[in-house]
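The values are calculated or read from the model by the stated rules, or taken from the named source; none is laboratory data. All of these numbers come straight from a predicted model, not from anything done at the bench. Positions of Cβ are backbone-derived with ideal geometry, glycine not excepted, and every protein chain shown enters the neighbour counts. Note: areas computed on protein heavy atoms with side chains; ligands, DNA, RNA excluded. Shrake-Rupley method; radii C 1.70, N 1.55, O 1.52, S 1.80 Å.
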Amino acid sequence: MILNRQRAVRVERRPLELFLARVRRELGIGEADVTICFVSDAEIARMNQAFRKKKGPTDVLSFPVAERRALAALRQRRKAGSGRRSKSKVFLGDVAISPATARRNAKNLGRTLPSELQILILHGVLHLLGYDHETDRGEMDRVEARLRQRLGLT
């Protein structure tokens, strides 16, 4: 599900919903629920301060809620390529994205805003799955690079 709780930047939700569905298929987590919420710079700055003790806005924050065991099982099934679906839905968590910060970053990186938002959705979902580029010695970066290539993101 994608929610837009900001008004500073126009966001086309439908293409991003379709992209999120592709990400879920690529990651083998089609049975898992995820919420993506677009928020203002002010709101993401408040969240960044409250949860990471960092000042100012950031582009994306992830808030995983699934138990570590459930995440490990999802990741293991994904790695094994199991097409088996779970009968119970897992809510992985929420991803907050600031389109205003994303727009600034996209401009600096020579990307379009829709492409930048897709990259942030992918990045946020990987964090919900337990990946952490700050501590995993490059595992998340490798997975993300492979998925970005498969999804046509630069």
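Below are the figures for this structure:
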| read-out | value |
| --- | --- |
| Hits in the range 130-152 (condition: in contact (Cβ under 8 Å) with a residue 24 or more places away in the chain and crowded, with 17+ Cβ neighbours inside 10 Å) | GLY130, LEU147 |
| Selection within the range 28-39 - at pLDDT 90 or above, in contact with a helix residue (DSSP H, G or I) (Cβ under 7 Å, 6 or more places away or on another chain) and either open to solvent by 10 Å² or more (accessible area, probe 1.4 Å) or among the aliphatic types (A, V, I, L, M) (or both) | VAL34, ILE36 |
| Meets criteria (within 16 Å of HIS123 (Cβ to Cβ) and either assigned to a helix (DSSP H, G or I) or open to solvent by 70 Å² or more (accessible area, probe 1.4 Å) (or both)) for ARG14 | no |
| Residue within the range 92-112 that is of a type in the set (A, V, I, L, M, F, W, C), more than 19 Å from VAL34 (Cβ to Cβ) and surrounded by 13 or more Cβ atoms within 10 Å (Cβ to Cβ) present | yes |
| Within the range 40-63, tally of residues that are surrounded by fewer than 18 Cβ atoms within 10 Å (Cβ to Cβ) and assigned to a strand (DSSP E or B) | 1 |
